[in-house]
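A short reminder: the numbers here are calculations on the coordinates, not readings from a lab. Computed from a predicted structure; not experimentally measured. Using ideal geometry, Cβ is built from the backbone for each residue, glycine included, and neighbour counts are taken over all protein chains shown.
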Amino acid sequence: MANSSLRLSFEFFPPKTAQGLAKLKTEQTLLANKNPEFFSVTYGAGGSTRERTVEAVKETAANTGINTAPHLSCVGDSIESLKTLLELYQSMGVKRLVALRGDLPSGMGLGRGDLKYAQDLVAFIREQTGDHFHIEVAAYPEVHPEAKNAKADLLHFKEKVKAGASSAITQYFFNADAYCDFIERCQATNINIPIIPGIMPITDYTKLTRFSDMCGAEIPRWLRKKLESFGEDNDSLRDFGCDFISQLCERLLQAGAPGLHFYTLNQAIPSLSICNKIAL
Ligand code: FAD
């Protein structure tokens, strides 16, 4: 399945401690061997990880030489602070951003910010920086949980593209048909940017269900039952998870997905095992 034109990317969150940052370097070195198109580093909505995101982006780019894309969200952030951050990223030589609305953690007590939706953030980035950045945006094959309906969500996605998004990364999902159907609907709506499936390796049942319930990613009932059945046997769960997600990736690539974006949760081995299994 090796195909050099496939767009491979890996996502990390900014560690809280120096020890976490040191461990992240080791994980990134392993993943850098796969020659990804880029690494990305998440951003806590409302600026809650601003310094740590900037630091992790600097360290990642310096240590691996891989193009590194900061995520940037607008909810809870002022126009002035977003402008400052964009200038900083330009001065650091950053060429790619992942632009999001974000979700404010409950209890942060912040206002909504100056820009309401990701489409406003994309337009703002283009207005401030022209074509400097390749802008990734989020897409939701299973529909964003707050959307009125699938059609409205698709049209809002199209607005992000019109505002200047270069390509998109999807929320993760476990059903290849959801992606294929979404791509068909995008094509029928004249949305023509590359849409890369987001891939979540399966390593921990409790964390996966909690996170999926929060972000609206559907775990099919049979899969929940299967994962539940491993109980404390995490090794077997990981083996099954690696097989299952590898098959999902193969189906997506066969269906024409232009690449894969892995949510690594700062662990190299689960993503690496999947890449090796499908000979990426
Ligand atoms: P939007 O595109 O603005 O959409 C949000 C909702 O508003 C949707 O329901 C949409 O249909 C609706 N909508 C959009 N425009 C309009 C309009 N004009 N009128 C009415 N409704 C509208 N979160 C973080 O906090 N930090 C991260 O680093 C981060 N990284 C992510 C990376 C990826 C690849 C993905 C898929 C998600 C990530 N998220 C991150 C989560 C994301 O912030 C949430 O899913 C958030 O709820 C929506 O963000 P968005 O950019 O898709 O928002």
#### Entry: Alpha-carbon radius of gyration plus Dmax, which is the widest Cα pair, for segment 157-243 in Å
15.9, 48
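Determine how many Å³ per residue the convex hull of the Cα atoms of segment 111-183 encloses. Provide the component values of the computation, followed by the final result.
Working: hull volume 7.5 nm³, N = 73.
It comes to 103 Å³ per residue, whole-number rounded.
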### Summary
Taking only the alpha carbons of segment 7-277, the radius of gyration and the largest Cα-Cα distance, Dmax, both in angstrom, are 18.1, 52
### Query
Which net charge results when you count Lys and Arg as +1 and Asp and Glu as -1 among the other residues whose beta-carbon is under 13 Å from that of residue 152?
+1
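May I ask you to compute the full-extension gain from residue 149 to residue 134, defined as 0.36 nm times their residue separation minus their alpha-carbon distance, rounded to one decimal in nm? Spell out each step's value before the answer.
Values: separation 15, 0.36 × 15 = 5.40 nm, distance 2.88 nm.
In short, 2.5 nm is gained.
Could you tell me the relative contact order of the chain? Use alpha-carbon pairs under 8 Å, at least six residues apart, and round to a whole percent. All intermediate terms of the calculation are to be shown ahead of the outcome.
Details: 456 pairs, mean separation 56.4, N = 280.
Relative contact order here is 20 percent.
For the chain, what is the calculated [θ] at 222 nm in deg cm²/dmol (nearest 500), taking -39500 (n - 2.57) for each run of four or more DSSP H residues and dividing by its residue count?
On the way: 10 runs with 132 residues, N = 280.
Calculated at 222 nm, the ellipticity per residue is -15000 deg cm²/dmol.
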### Task
Could you bin all the Cα-Cα distances of segment 124-280 into 5 Å bins starting at 0 and give me the percent of pairs in each, rounded to whole numbers?
2, 9, 17, 20, 19, 15, 10, 6, 2, 1, 0
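Can you flag which of 23/207; 162/225; 83/162; 226/277; 58/116; 83/158 are past 32 Å Cα-Cα? Before the final figure, lay out the partial values.
Values: 23/207 21 Å; 162/225 41 Å; 83/162 21 Å; 226/277 21 Å; 58/116 28 Å; 83/158 24 Å.
162/225, as the Cα separations exceed 32 Å there.
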### Message
Just to confirm a number: summing +1 for Lys and Arg and -1 for Asp and Glu over residues other than residue 29 whose beta-carbon lies under 13 angstrom from that of residue 29, what do you get?
### Response
+1
#### Entry: Charge dipole (the chain, unit charges on Cβ, about Cα centre) - positive-most of 220, 237, 190
190
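So, counting K/R as plus one and D/E as minus one, what does the shell of residues with Cβ under 12 Å around residue 138 add up to?
Values: positive: 101, 160; negative: 11, 103, 136, 153.
Residues near residue 138 contribute -2 overall.
Using the crude model of +1 on Lys and Arg Cβ and -1 on Asp and Glu Cβ, and no other charge, please compute the dipole size for segment 7-277 relative to its Cα centre, in debye to 20.
Details: 30 positive and 32 negative charges, 40 e Å.
Using only the charged Cβ atoms, the result is roughly 200 debye.
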### Rg [Å, one decimal], Dmax [Å, integer] - segment 1-115, C-alpha atoms
14.9, 49
